[in-house]
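I have placed the structure first, in the form of structure tokens, so that the comments after it can refer back to it.
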Amino acid sequence: MPTYILGIESSCDDTSASVICDGKVLSNLIANQEIHKSFGGVVPELASRAHQQNIIPVVNQAILNANIDKKQLNAIAYTRGPGLLGSLLVGSSFSKSLSMGLNIPLIEVNHMQAHLLAHFIEDCGETKPNFPFIGVTISGGHTQIVLVKDYFKMEIIGETLDDAIGETFDKCGKMLGLPYPAGPHIDKESKSGDIKKYSFTKPKVEDLNYSFSGLKTGFMRFLQKEKQLNENFIESELNNLCASLQHTIIEILYEKVIKAIKQTGINRIVFGGGVSCNSGIINKFKKNEKYENYKSFFPKFEYTTDNAAMIAMVGFLKYQNNDFSSLEKGAEARFKF
Ligand code: KG4
Ligand code: ZN
């Protein structure tokens, strides 16, 4: 008998629903919230209101697109955290009600684990990584190096002490006048820029941890100084600024990931999260595979950003282990694994 799982993701500003059958994606719908663009970042209250408006149509459409009846669903997997509490509450309350209504099990999913386990979706792109591997979760809210021994045996061995990598792209992009989220714009501009034109200081952080706040402040001061000399500095140098900034961010990321593979002796590096579609990051890690003797794995573009297919995938893995959740458990903004 095939197993159908409905996944529901609402941790930040995307409302997403997906139906998968035995690890194969039948539908994966994402309603983006355009409203945050005019504010230059996600406004939590507006995000939860938009989730409330989107969740029923998105879930309905995901079931329709999967060409199944909701009575065929075996379980509902939802993002319990981490994320914005108001946003998480919409997805978790909806999932609980639907699981009660359909009388099927409920499965809680950790969003960051899901970014890594997205690689086990049937058509994720690359071959599935073997365990153990070094997981690198890079998104708007997280920057983590994770020792992954098995599907649910994960240990964070390094993380950012301040800003996340995606946040750094977005905040520096805002200083350059780029729209939110700025990550993809910086990536695009970088392609025609000179990575060596400007150099920015890299942080000195212990162990496998990261820090991006110094780079952000240094970048801001540099722009202020240059703008005093030439008020069109940003406009005329945009591609070079983006390329040099992106290059510095990648160098910071790369150094600790390489340190992690040397320290653990594990040479499979598995990326997840919105920033893992950055072309500079992909090129850098693919280019140096032979030189540093590792293999890197990047998900297909649609599974890098927040999506419910990865939530449904974790749901499927947990369903096979009879690992179900109870209605008493609530959304958790700082959900740990
Ligand atoms: O995983 P995600 O969709 O949401 C969170 O859980 O945060 O990640 C969103 C982040 C944003 O900071 C966005 O700017 C960044 O991913 N991002 C990129 C690129 N595409 C998205 N950063 C750099 N280069 C990109 N191409
Ligand atoms: Zn995410």
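Label positions at residue 3 and residue 34, each projected 7 Å from the Cα along the C-beta direction, are separated by 3.9 nm. Give me the Debye-computed log₁₀ of I(q)/I(0) at q = 0.11, 0.13 Å⁻¹ for the chain, equal point scatterers on Cα only, no solvent, two decimals. So the normalised log intensities work out to -0.71, -0.96.
Taking 211, 192, 48 as the candidate residues, the one with maximal mean-square fluctuation in a Gaussian network model of the chain, Cα springs under 10 Å, is 192. May I ask you to derive the FRET efficiency for residue 206 and residue 324 from their Cβ-Cβ distance with R0 = 30 Å, giving the value to the nearest 0.05? After rounding, the FRET efficiency stands at 0.15. Antiparallel beta bridges, as assigned by DSSP with both residues in segment 129-298, represent about 60 percent of the total such bridges.
Within the listed set 273, 158, 265, the Gaussian network model of the chain (springs between alpha-carbon atoms below 10 Å) gives the highest mean-square fluctuation for 265. Between residue 332 and residue 264, the simple spin-label model (points 7 angstrom out along Cα→Cβ) gives 2.1 nm. Check every DSSP H run in the chain and write down those whose alpha carbon atoms cover 15 angstrom or more along the long axis and whose mean Kyte-Doolittle hydropathy is 1.6 or greater. Sorted by number, there is nothing, because no helix extends far enough and scores high enough. With the charge dipole of the chain set up from +1 on Lys and Arg Cβ and -1 on Asp and Glu Cβ about the Cα centre, the Cα lying farthest toward the positive end among the listed residues 239, 133, 314 is that of 133. A protection proxy built from the mean count of other Cβ atoms within 10 Å ranks the segments 120-132, 247-259, most packed first, as 247-259, 120-132. Just report the Cα centroid separation between segment 280-325 and segment 135-169, whole Å. Here the answer is 12 Å between Cα centres. In plain terms, the chain from residue 69 to residue 301 could stretch by 80.7 nm, reckoned as 0.36 nm per residue minus the Cα-Cα distance. For the chain, the carbon plus sulfur part of the accessible surface works out to 50%, probe radius 1.4 Å. For segment 129-298, a simple Cβ point-charge model (Lys and Arg +1, Asp and Glu -1, everything else neutral) yields a dipole of about 440 debye relative to the Cα centre. Coordinate range of the alpha-carbon atoms in segment 66-186 per principal axis, descending: 50, 35, 28 Å.
Run through the DSSP bridge list for the chain and note the antiparallel percent, rounded to the nearest 5. Within the chain, antiparallel bridges account for around 60 percent of the total. Protection proxy ranking for 33-44, 80-91, 220-231, using the average of other Cβ atoms within 10 Å per residue and placing the highest first: 80-91, 33-44, 220-231.
The share of C-alpha pairs in segment 129-298 whose separation exceeds 29 Å stands at 19 percent. Per-residue ellipticity at 222 nm, computed for the chain from helices alone with -39500 (n - 2.57) per DSSP H run of at least four residues, works out to -13500 deg cm²/dmol.
If the chain linking residue 130 and residue 156 were pulled fully straight, counting 0.36 nm for each residue of separation and taking away their Cα-Cα distance, it would gain 7.5 nm.
For residue 77, the residues 5 or more places off, or on other chains, whose built amide H falls under 5 Å of its own are 6, 7, 8, 107.
The values are calculated or read from the model by the stated rules, or taken from the named source; none is laboratory data. Predicted model only: the values in this text are computed from it and were never measured. So basically every Cβ, Gly included, is an ideal-geometry build from the backbone, and we count neighbours across all protein chains shown. Protein only, heavy atoms only, side chains kept; ligands, DNA and RNA dropped before computing areas. Shrake-Rupley method; radii C 1.70, N 1.55, O 1.52, S 1.80 Å.
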